[in-house]
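A.B. asks: The structure is given below, and queries will be raised subsequently.
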Amino acid sequence: MGSITKAGNGHARQVLIESAWHYRHAPHLGPTLRKRREGQPAAVIAIADKAAQRLHRKFGRLDARGKPRPKIVVAVARELVGFLWAVLYPASVQAS
């Protein structure tokens with residue numbers, strides 16, 4: 001709950017923010033990503049697809065409301081952390 005704080009690893013926060021900028025574009029499954037997904041668990045791919053759609057929609061909704069782009073990116077990055085948590089700690093998501 002809440003926003004991204006300045007506590008924790010600065011490099012990880014920077015990578016999250018950089019990643020969040022990519023969600024301004026519609027999700028696209030190109031040949032490189034398709035090849036990288038080969039052999040990955042279906043559950044992880046499903047979470048990734050759901051995340052890409054949801055984060056792109058969130059970016060678009062906030063942009064349409066006239067929010068400043070840097071603020072949109074932080075909001076998207078914060079939600080991205082939730083999807084990463086679901087992939088890395090699936091048992092904690094199922095327990096709640």
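Values in this text are rule-based calculations from the coordinates and carry no lab data. What you are looking at is a predicted structure, and each value in this text was computed from that prediction instead of being measured. Using ideal geometry, Cβ is built from the backbone for each residue, glycine included, and neighbour counts are taken over all protein chains shown.
A.B. asks: Could you tell me which GluC sites (Glu not before Pro) in the stretch 1-93 are loop residues by DSSP with no more than 14 other beta carbons within 10 angstrom of their beta carbon? Walk me through the numbers on the way to the answer.
C.D. replies: Values: sites: Glu18, Glu38, Glu79; in loops: Glu38.
Answer in residue order: Glu38.
A.B. asks: Taking K and R as +1 and D and E as -1, what net charge do the other residues with C-beta under 13 Å from the C-beta of Gln53 add up to?
C.D. replies: Details: positive: Lys50, Arg54, Arg57, Lys58, Arg61; negative: Asp49, Glu79.
Net charge around Gln53: +3.
A.B. asks: Between Arg24 and Trp85, how high is the FRET efficiency from 1/(1 + (r/R0)^6) when r is the Cβ-Cβ distance and R₀ = 30 Å? Nearest 0.05. Don't jump to the answer; show the numbers that get you there.
C.D. replies: Working: r = 23 Å, r/R0 = 0.76.
Efficiency, rounded to the nearest 0.05: 0.85.
A.B. asks: Which whole-number percentage describes the relative contact order of the chain, with Cα contacts under 8 Å and a sequence gap of 6 or more?
C.D. replies: Values: 52 pairs, mean separation 38.5, N = 96.
Relative contact order for the chain comes out at 40 percent.
A.B. asks: Which helices of the chain meet both criteria: a Cα extent of 15 Å or more along the helical axis and a mean Kyte-Doolittle score no lower than 0.0, with helices taken as whole DSSP H segments?
C.D. replies: Counting only whole DSSP H runs, the qualifying helices are 42-64, 69-88.
A.B. asks: So if I place +1 on the C-beta of Lys and Arg and -1 on the C-beta of Asp and Glu, and nothing else carries charge, what would the dipole magnitude of the chain be about its Cα centre? I want it in debye, nearest 20. It would help to have the intermediate numbers written out before the result.
C.D. replies: Working: 17 positive and 5 negative charges, 71 e Å.
The calculated dipole for the chain is roughly 340 debye.
A.B. asks: While we're on this one: Where does the charge balance sit around Thr5 when Lys and Arg score +1, Asp and Glu -1, over other residues with C-beta under 12 Å from its C-beta? Could you put the intermediate results ahead of the total?
C.D. replies: On the way: positive: Lys6, Arg13, Arg78; negative: none.
So the surrounding residues net to +3.
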